[in-house]
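The values are calculated or read from the model by the stated rules, or taken from the named source; none is laboratory data. Please read all numbers here as calculations on a predicted model, not as lab measurements. A quick note on method: Cβ atoms are made from the backbone with ideal geometry, for glycine too, and the neighbour counts reach across all protein chains shown.
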Amino acid sequence: MSLEEPLREAVEEFNRYHGAEGRARVLWVEGDRFAVEFRGSFCVTCGFYDYFEDFAYLLAGRGFRAGIVSVEELEDGAVVEYRLLREGEEWRFAPERVVLILE
């Protein structure tokens, strides 16, 4: 099965559920990697990275497990690169945390 159709379906479902605060679109697909652009007001919320994980879960529901390789933050969104997981491979994404101490 090709990855393009499940990606299209996952984007449609993501946009249906999250369209009020953000939209997704596939930028490219190369082998087992692909990039999705996310744009919208969700960027200013504390659950910024949750949206990217939600997309991976939507894709997993279509038989393709993927993990986040990188996140390029933009002014009003992000470009997220994913990679399909191999058999037996587990995924865990932990973005860098920044702590500000104001005195």
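Figures for the structure shown
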{"item": "Filter result for the condition that a residue is under 14 Å from Glu81 (Cα atoms) and touching a residue at least 24 places away in the same chain (Cβ under 8 Å), over Glu53, Glu30", "result": "Glu53"}
{"item": "Number of the condition not met by Gly63 [criteria: (1) modelled with pLDDT under 90; (2) on the phi > 0 side of the Ramachandran plot]", "result": "(1)"}
{"item": "Among residues of the range 34-59, those that are farther than 24 Å from Glu75 by Cα and either in contact with an Asp or Glu (Cβ under 8 Å, 6 or more places away or on another chain) or not aromatic (Phe, Trp, Tyr) (or both), counted", "result": "2"}
{"item": "Within the range 23-43, considering residues that are small (Gly, Ala, Ser) and on the phi < 0 side of the Ramachandran plot, the one surrounded by the most Cβ atoms within 10 Å (Cβ to Cβ)", "result": "Ala24"}
